[in-house]
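Right, one structure below, let's go through it.
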Amino acid sequence: SQQGEEDPQALSIQEGENATMNCSYKTSINNLQWYRQNSGRGLVHLILIRSNEREKHSGRLRVTLDTSKKSSSLLITASRAADTASYFCATDAGTGFQKLVFGTGTRLLVSP
Amino acid sequence: EAEVAQSPRYKITEKSQAVAFWCDPISGHATLYWYRQILGQGPELLVQFQDESVVDDSQLPKDRFSAERLKGVDSTLKIQPAELGDSAMYLCASRAKNEQFFGPGTRLTVL
């Protein structure tokens, strides 16, 4: 079962614009992670934010977490065509061995 | 850079046939995962290993799916018999600290 839902389901922007994706989840978490998946490939880890953190940056990525609303957002600044991919949030409840529950994903298309 | 290896990359089979997928995690990673990803959706966990032991197989359809990791290194996921609804991408991942590293996946098509 999918833990989270992401919106929008699809996003189309021009190079240089910012892209924002949102993730909502249902249960308490230990951390939330974002992954990228290029078409037909495996997933690549982007960033992790812990439940006691509110914001985290990594290069052109900015992630926020609001545990009271059970939501997170991923901002990609100054998008490039190479950012075209699907982006998934994944939650870790922190119980026992790490088990990630993935959201439904946002498909991002960045046009030159 | 070390990567998770999977084979085959693509598999086409007829329903009721048996299929098997292989995964070789990054060396030293004790935790290994098998996920199924239906087109347009996020990955869903099928089974999780810690070394050679299964720690979570609650979402594995055990009447037709089996998984093993005999020596705690590489792993095999088997489906017998395959059904039309099994068409999906099967992803393997291994873990270091809080990050999971994914292989390229096996795209299964059941006709």
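The values are calculated or read from the model by the stated rules, or taken from the named source; none is laboratory data. Quick caveat, the model's predicted, so the values are computed rather than measured. In this analysis, Cβ positions are derived from the backbone assuming ideal geometry, glycine residues included, and neighbour counts consider all displayed protein chains. Just so you know, the surface numbers come from the protein's heavy atoms only, side chains and all, with ligands and any DNA or RNA stripped out. Shrake-Rupley method; radii C 1.70, N 1.55, O 1.52, S 1.80 Å.
The table below gives the values:
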quantity	calculated
Carbon plus sulfur fraction of accessible area for the stretch B:32-108, probe 1.4 Å, in percent	47
Summed residue charge, Cβ within 11 Å of A:Thr64's Cβ, Lys/Arg positive, Asp/Glu negative	+1
Sequence-distant residues sharing a close amide H with B:Ser87 (under 5 Å, placed H)	B:Val110
Label-point gap, in nm, between B:Gln80 and A:Asp66 - each point 7 angstrom along Cα→Cβ	5.2
1.4 Å probe, heavy atoms, protein only - residues of the stretch A:72-112 losing at least 50 Å² accessible area vs chain alone	A:Phe97, A:Gln98, A:Lys99, A:Phe102
Quotient of C-alpha Rg and 2.2 N^0.38 Å, computed over chain B	0.99
Electrostatic dipole magnitude of chain B [Cβ: Lys, Arg +1; Asp, Glu -1; Cα centre; debye, to 20]	220
Inter-chain Cβ neighbour average for residues B:90-98, partner chain, 10 Å	3
For the protein assembly as shown, the fraction of alpha-carbon pairs in successive 10 Å shells from zero, as %	8, 33, 35, 19, 4, 0
Calculated SAXS-style log₁₀ I(q)/I(0) at q = 0.12, 0.17, 0.28 Å⁻¹ - the stretch B:59-111, Debye, Cα scatterers	-0.34, -0.65, -1.24
Rg and Dmax [Cα atoms of chain A; Å; Rg one decimal, Dmax integer]	13.4, 45
Derived scalar couplings ³J(HN,Hα) [the stretch B:21-38; Karplus, 6.51 cos²θ - 1.76 cosθ + 1.60; whole Hz; x for Gly, Pro]	10, 10, 9, 10, x, 5, 4, x, 7, 7, 9, 10, 10, 10, 10, 10, 10, 7
The stretch B:1-93: trypsin sites (Lys or Arg not before Pro) falling in loop per DSSP and having at most 15 other Cβ within 10 Å	B:Arg9, B:Lys15, B:Lys62, B:Arg64, B:Lys71
Solvent-accessible area per residue, Å², over chain B with all protein chains present [probe radius 1.4 Å]	49
Out-of-range pairs (alpha-carbon distance over 27 Å; input A:Lys56/B:Lys71; A:Lys70/B:Lys11; B:Lys11/B:Lys71; A:Lys99/B:Lys15; B:Lys11/B:Lys97; A:Lys26/B:Lys71)	A:Lys56/B:Lys71; A:Lys70/B:Lys11; A:Lys99/B:Lys15; B:Lys11/B:Lys97; A:Lys26/B:Lys71
Sparsely packed GluC sites (Glu not before Pro) within the stretch B:51-111, loop by DSSP, other Cβ within 10 Å at most 14	B:Glu52, B:Glu83
Length-normalised contact order for chain B - Cα pairs under 8 Å, 6+ apart - percent	37
Lys, Arg +1 and Asp, Glu -1 on Cβ, resulting dipole of chain A about Cα centre, debye, nearest 20	240
Protein accessible surface hidden between A and B, which excludes ligands and nucleic acids, total in Å², probe 1.4 Å	1800
